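We did not get these values from a lab; they are worked out from the coordinates using the rules stated. Here the structure is a predicted model, which means the values were calculated and not measured. Note that each Cβ is placed from the backbone with ideal geometry, even for glycine, and that neighbours are counted across all protein chains shown.
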Amino acid sequence: MFNLVIFGAPGSGKGTQSGNITEKYGFIHLSTGDLLRAEKKSGTALGEQIKTLIDAGNLVPDEIIQEMVKNFVHNNKNAKGFIFDGFPRTSSQAVWLDQMLEEANTKISLMLLLDVSEEELKKRILLRGEQSSRADDANEKIIENRIKVYNKQTAPIMDYYKEQNKYYRVDGKGKLDKVFENICTILQAFV
Ligand code: AP5
Ligand code: MG
């Protein structure tokens, strides 16, 4: 079984490229941001709790998101592979994910960083914010907080995957097709 962690700052193209990878290889796309936004929309008490955090660009507690990831994986038992987009986002989520996959007799195949400069990230998110309904795209202050949270809590996980020799990087700037081509060149060795 193939399991990819698609990694990168907010706006780096994780969702966009996950769509391309899913279409080409038939893996299942697990976006924790999408799961959380769906919960938020549902109007439950949990949804309300989540809303305050994600609208400000802060992370939800590990336990909440881990429960969602576990359910998602269990509900897709026949998947030939998963693309983890937006997860893990903290060191403890990374350790938890390895344990959860081990219990399911599988493991992470590789982690792929989409490397994009902060200037470009802001530009992309502000552009999308002009049309999107995502509250966390609404203004520069929230976008800057998302990038700050990424640098502080999420970026250090790269070392965790480097230690396991699972770290790969592509230049995430440039044309969508070119980025995807570079991703496929790396994935070819694994699928
Ligand atoms: P999440 O939904 O994961 O958002 P994010 O990481 O902030 O990233 P985005 O979805 O905005 O960007 P992306 O990298 O997917 O890029 P995209 O393809 O959209 O998380 C949202 C929130 O949920 C978090 O802040 C947190 O609160 C919570 N959360 C989620 N997971 C969590 C977890 N594990 N633990 C705790 N909390 C969690 O592209 C962006 C834009 O750029 C698009 O408009 C796209 O068209 C454009 N674009 C893409 N590629 C290119 C290119 N090559 N050239 C030009 N434009 C491009
Ligand atoms: Mg996304």
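Shape call for the stretch 84-191 from the C-alpha gyration tensor, a ≥ b ≥ c root eigenvalues: rounded (a/c under 1.5), prolate (a/b greater than b/c) or oblate? In terms of gyration-tensor shape, oblate. Each part gets one Cα centre, and for the stretch 10-50 versus the stretch 71-108 those centres are 14 Å apart. The base-10 log of I(q)/I(0) for the chain, evaluated at q = 0.11, 0.12 Å⁻¹, reads -0.47, -0.57 [Debye formula, identical scatterers on Cα atoms, solvent excluded]. Among the listed pairs 51/162; 152/173; 122/175; 41/77, those whose Cα-Cα separation exceeds 28 Å are 51/162. Once a ≥ b ≥ c are taken as the square roots of the eigenvalues of the Cα gyration tensor of the stretch 23-129, is the result rounded (a/c under 1.5), prolate (a/b larger than b/c) or oblate (a/b not larger than b/c)? It is oblate, given that a/c is not under 1.5 and a/b is not larger than b/c. The ratio of the alpha-carbon radius of gyration of the stretch 108-165 to the globular-protein estimate 2.2 N^0.38 Å is 1.34.
Can you classify the stretch 19-63 as rounded, prolate or oblate using the Cα gyration tensor, where a ≥ b ≥ c are the square roots of its eigenvalues, rounded means a/c under 1.5, and otherwise it's prolate if a/b beats b/c and oblate if not? Prolate shape, in that a/c is at least 1.5 and a/b is the bigger ratio. The 3J(HN,Hα) values that the Karplus relation (6.51, -1.76, 1.60; θ = phi - 60°) gives for the stretch 125-137 are, in residue order, 5, 5, 5, 5, x, 5, 10, 6, 9, 6, 4, 7, 9 Hz. Gly and Pro appear as x. Under the convention that each Lys and Arg Cβ holds +1 and each Asp and Glu Cβ holds -1, the size of the dipole of the stretch 1-143 around its Cα centre is about 360 debye.
Listed by chain and number, the lysines whose alpha-carbon sits under 18 Å from that of residue 70, ignoring those within fewer than 8 places in the same chain, are 80, 107.
For the stretch 52-67, the Karplus equation 6.51 cos²θ - 1.76 cosθ + 1.60, evaluated at θ = phi - 60°, returns couplings of 4, 6, 6, 5, 8, x, 9, 7, 7, x, 3, 4, 5, 6, 4, 4 Hz by residue, with Gly and Pro reported as x. Each residue of the stretch 19-32 was assigned a 3J(HN,Hα) from its phi angle through the Karplus expression (A = 6.51, B = -1.76, C = 1.60, θ = phi - 60°), giving x, 5, 5, 4, 5, 6, 10, x, 7, 9, 8, 10, 9, 5 Hz with x at Gly and Pro.
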